[in-house]
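Peer 1: Have a look at this one before I ask anything.
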Amino acid sequence: MDALITAIDGIDDVEAFGRVRTVQGLLIEVVGPVRELRIGGRVLVEAPDEAPLVCEIIGFRDGHALCLPFGPVAGIRLGCRAIFRRGEGAVHPSEAWLGRVVDAMGQPIDGKGPISSGPTAYRLRQSPLAAHDRAGVGAPLDLGVRALNSFTTVCDGQRMGIFAGSGVGKSVLLSMMARNTEADVAVIGLIGERGREVREFITEHLGEAGMERVVVVVATSDEAALMRRQAAYLTLTLAEYFRDSGKRVLCMMDSLTRFAQAQREIGLATGEPPTAKGYPPTVFTELPRLLERAGPGLVGSGSVTGLFTVLVEGDDHNEPIADAVRGILDGHIVMERAIAERGRYPAVNVLRSISRTMPGCVPVEFRPVLGKARELLSVFADMEDLIRLGAYRKGSDPKVDRAIAINPALEAFLSQQREERTTLADGYRMLEAIVDKAGAAG
């Protein structure tokens, strides 16, 4: 009997395969044993004189499987053999992933050789933890950036959005937080980035010291929509692995907009109806499923603090993706082009930014200081045009006079060089000294 069992175990699994029926744009239609297939499954298309093309099953039509490729479809022709693979995408992460750069498939692309795999498989499209099983957000997390630490304090396990147009300094701000945040591990997903900027971000912004506790997942803008989408899933999957290991994880993704654009390409290819700005309904279904994977873990385990950038089109902060993401996350950081153009970096508009854990996470003794500083910034913003035109006469309003007097110090406080680091407590004390000085002058 033992010999029979051994012989049975040695028999290879039955290989199910079909044939390519049509190719329309990026959509490959495969005919074959549909009962063997399911959404999210993998198909390996063998083309003559080309490497096998990995595809994912994204739907069915008239008894045929609809597949999208993870690479270019050049060389695919009618009748090509399509081998069906069981199971969905999964990775086996380990501590050896730290300090490495990988693609959406989890393969190293940094030239440092293969990465050791861990014993546990993590599915890329994992469901978020149940809400009633999660712990609450933790203590305030020191990001090392005083403008954010003071005016939009982030707690351990919180999820924040960074909303900005192109070229306003999102990548530099992310690199500052990757180096300076008091977290055990940082997982950074660069989704749809320019190839040049990827190397620049890794070598110049992070550097060797910054990469020691970081995993970078890369899918550049020229890659297939499935690769860009999967890079986002892999980023959250790696964050979940380190969270389950008991670590405090900083998960950063640049950008959610490009994830949504990849999902739009996939949805439209399957025939979904376009809605707001051409985005099909699945985009607004996938966004919360992705973002809810970040946050506090189970009681006694680690946490994932999420920082997700949103590339607002035409500097419109109310466009569909920005509006949807703002309603899902626990706060938002707004970066403005006008602030960047006058040379203040990071170009954060603290009046339009909000953290939903404030003021509860701020020490009681500093809450009046933050309230006063925000009030003076608001007064100056309301009168800024008149002040710059010279239409305001000093002495007309004591509060405006104090706001004018304190503004240079506040602007200097909000400005920070890329190499600087300011702790949470130091930021509060610096702001308190500025506000107290303004009060004494008033």
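The values are calculated or read from the model by the stated rules, or taken from the named source; none is laboratory data. These numbers come from a predicted model, not from an experiment. Cβ coordinates were reconstructed from backbone atoms using ideal geometry, including for glycine residues, and neighbour counts include every protein chain displayed. All accessible areas refer to the heavy atoms of the entire protein, side chains included, with ligands and DNA or RNA removed. Shrake-Rupley method; radii C 1.70, N 1.55, O 1.52, S 1.80 Å.
Peer 1: From L290, L268, grab the single residue that is of a type in the set (A, V, I, L, M, F, W, C), open to solvent by 70 Å² or more (accessible area, probe 1.4 Å) and outside any loop (DSSP other than H, G, I, E, B).
Peer 2: L268
Peer 1: Further question: Please determine, by comparing only the residues of the stretch 154-177 that are among the small types (G, A, S), under 17 Å from the mean Cα position of the chain (by Cα) and farther than 19 Å from G295 by Cβ, which one is surrounded by the most Cβ atoms within 10 Å (Cβ to Cβ).
Peer 2: Ranking the qualifying residues of the stretch 154-177, first place goes to A164.
Peer 1: Go through the residues of the stretch 131-140 one by one and say whether even a single one is without any contact (Cβ under 8 Å) to a residue 40 or more places away in the chain, within 28 Å of G300 (Cβ to Cβ) and not in a loop (DSSP other than H, G, I, E, B).
Peer 2: Yes, the stretch 131-140 contains a residue that is without any contact (Cβ under 8 Å) to a residue 40 or more places away in the chain, within 28 Å of G300 (Cβ to Cβ) and not in a loop (DSSP other than H, G, I, E, B).
Peer 1: Among the residues of the stretch 101-125, which ones are over 20 Å from A186 (Cβ atoms) and either surrounded by 12 or more Cβ atoms within 10 Å (Cβ to Cβ) or in contact (Cβ under 8 Å) with a residue 60 or more places away in the chain (or both)?
Peer 2: M105, S117, T120, R123, R125, listed by residue number.
Peer 1: Here is a follow-up. In the stretch 83-95, which residues are open to solvent by 20 Å² or more (accessible area, probe 1.4 Å) and either at pLDDT 95 or above or not hydrophobic (A, V, I, L, M, F, W, C) (or both)?
Peer 2: Passing the criteria: R85, R86, G87, E88, H92, E95.
Peer 1: Out of curiosity, is G210 under 19 Å from R418 (Cα atoms), surrounded by fewer than 23 Cβ atoms within 10 Å (Cβ to Cβ) and in contact with a Lys or Arg (Cβ under 8 Å, 6 or more places away or on another chain)?
Peer 2: Yes: the conditions hold for G210.
Peer 1: Determine which member of the set D184, D254 is in contact with a Phe, Trp or Tyr (Cβ under 9 Å, 6 or more places away or on another chain), among the acidic types (D, E) and open to solvent by less than 10 Å² (accessible area, probe 1.4 Å).
Peer 2: D254
Peer 1: Which residues, taken from the stretch 387-400, are in a helix (DSSP H, G or I) and touching a helix residue (DSSP H, G or I) at 6+ places or on another chain (Cβ under 9 Å)?
Peer 2: Across the stretch 387-400, the qualifying residues are I387, K399, V400.
Peer 1: Quick check on my filter: what residues within the stretch 271-287 are over 21 Å from Q24 (Cβ atoms), surrounded by 17 or more Cβ atoms within 10 Å (Cβ to Cβ) and not aromatic (F, W, Y)?
Peer 2: Residues satisfying the conditions are V283, E286, L287.
Peer 1: Please verify whether the stretch 347-354 includes one or more residues that are open to solvent by 10 Å² or more (accessible area, probe 1.4 Å), in a strand (DSSP E or B), in contact with a Gly (Cβ under 6 Å, 6 or more places away or on another chain) and touching a residue at least 24 places away in the same chain (Cβ under 8 Å).
Peer 2: The answer is yes, given that some residue of the stretch 347-354 is open to solvent by 10 Å² or more (accessible area, probe 1.4 Å), in a strand (DSSP E or B), in contact with a Gly (Cβ under 6 Å, 6 or more places away or on another chain) and touching a residue at least 24 places away in the same chain (Cβ under 8 Å).
Peer 1: Any chance you could count how many residues in the stretch 401-425 are under 19 Å from D436 (Cβ atoms), in contact with a Phe, Trp or Tyr (Cβ under 7 Å, 6 or more places away or on another chain) and open to solvent by less than 40 Å² (accessible area, probe 1.4 Å)?
Peer 2: Residues in the stretch 401-425 being under 19 Å from D436 (Cβ atoms), in contact with a Phe, Trp or Tyr (Cβ under 7 Å, 6 or more places away or on another chain) and open to solvent by less than 40 Å² (accessible area, probe 1.4 Å): 2 in total.
Peer 1: Since T235 meets every condition but one in (1) surrounded by 21 or more Cβ atoms within 10 Å (Cβ to Cβ); (2) more than 27 Å from T181 (Cβ to Cβ); (3) out of contact with any helix residue (DSSP H, G or I) (no Cβ under 8 Å at 6 or more places or on another chain), which condition does it not meet?
Peer 2: It is condition (2) that T235 fails.
Peer 1: Quick one: how many residues across the stretch 188-205 are among the aliphatic types (A, V, I, L, M) and either open to solvent by less than 10 Å² (accessible area, probe 1.4 Å) or not in a helix (DSSP H, G or I) (or both)?
Peer 2: Total satisfying the criteria: 3.
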